[in-house]
1. Taking R0 as 35 Å, what FRET efficiency do you get between Ala30 and Leu135 from their Cβ-Cβ distance, rounded to the nearest 0.05?
2. Could you tell me which of the pairs Lys93/Lys161; Lys140/Lys179; Lys113/Lys179; Lys93/Lys113 are separated by over 20 angstrom between their Cα atoms in the structure shown?
3. Counting pairs of Cα atoms in the range 92-196, how many percent are more than 17 Å apart?
4. Can you compute the helix-only [θ] at 222 nm over the chain? Use -39500 (n - 2.57) per DSSP H run of at least 4 residues, normalise by all residues, nearest 500 deg cm²/dmol.
5. Could you please rank Thr102, Thr49, placing first whichever residue has the fewest other Cβ atoms within 10 Å of its Cβ?
6. Along the Cα→Cβ direction, 7 angstrom out, place labels at Lys113 and Glu1. What is the inter-label distance in nm?
7. Within the range 94-134, list the trypsin sites (Lys or Arg not before Pro) lying in a DSSP loop whose Cβ has at most 10 other Cβ atoms in a 10 Å radius.
8. Can you give the FRET efficiency for Glu9 and Glu144, using 1/(1 + (r/R0)^6), R0 = 25 Å, r = Cβ-Cβ distance, to the nearest 0.05?
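Please treat every number below as a calculation from the coordinates, not as lab data. It should be emphasised that the depicted structure is a prediction, and the values quoted were computed from it without experimental measurement. In this analysis, Cβ positions are derived from the backbone assuming ideal geometry, glycine residues included, and neighbour counts consider all displayed protein chains.
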Amino acid sequence: EVFVFTATEYGKSLIGEAEHMVLSPERLSAEEMEEQIRIQKPDLVVDATHPYAELVTENIRSACIHTHTELIRLVRDEGTWDGGDITCVSSAKEAAEFLSRTEGNVLLTTGSKDLAEFTAVPEFEERIYARVLSLPDVVKSCDEMGFRGNHLICMQGPFSKDLNTAMLRQYGCKWMVTKASGMEGGFPEKLEAAKEA
């Protein structure tokens, strides 16, 4: 049997049901992960979390160490890209600081997790168009931060180059903010769209 844990019902819906699979949409703490490993006694734990789910990855690693369970971490290939007109920063906070020294509209495609950092950008309510998942709690959180109306784009990706290009043009964006999320995260399509727009 395979035991699959996702952090949300949405994550569960992406996996789907399968024979010999037990699927649980529970966000587990490090202690709960360790408890599940002790109960299920798996031969192997596979960490297939999102590349930016650093805390979850650390919790899984810790639980496996404490239970002496073998762990494999699946990591997305980030791919390669040429320098072009790209500014690289190491965090959402640095991206917001960079944008604070610029002008023009921004298509923010990093999701809702670090969205609060971008409220530090002057006139963010008018400049930033945030693309996030269309989940009720995400929409509520974004609204509370000041991202609303046509500045809140609720969609599920990944997106094609053409759709990204159309969004950049629709909102008159001079900037696109993304994570280097690899092929699975639609990074090449975002890069090509930014170049074209």
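1. Numbers: r = 24 Å, r/R0 = 0.70.
It comes to 0.90.
2. On the way: Lys93/Lys161 26 Å; Lys140/Lys179 23 Å; Lys113/Lys179 12 Å; Lys93/Lys113 12 Å.
Listed pairs above 20 Å: Lys93/Lys161; Lys140/Lys179.
3. On the way: 2599 of 5460 pairs.
Considering the range 92-196, 48 percent of its Cα-Cα pairs are separated by more than 17 Å.
4. Values: 8 runs with 74 residues, N = 197.
Per the formula, -10500 deg cm²/dmol.
5. Numbers: Thr102 13, Thr49 20.
By the 10 Å Cβ count, ascending: Thr102, Thr49.
6. Rounded to a tenth, the inter-label distance reads 3.0 nm.
7. Details: sites: Arg101, Lys113, Arg127, Arg131; in loops: Arg101, Lys113.
Sites meeting the loop and neighbour criteria: Arg101.
8. Numbers: r = 21 Å, r/R0 = 0.85.
My answer for the efficiency is 0.75.
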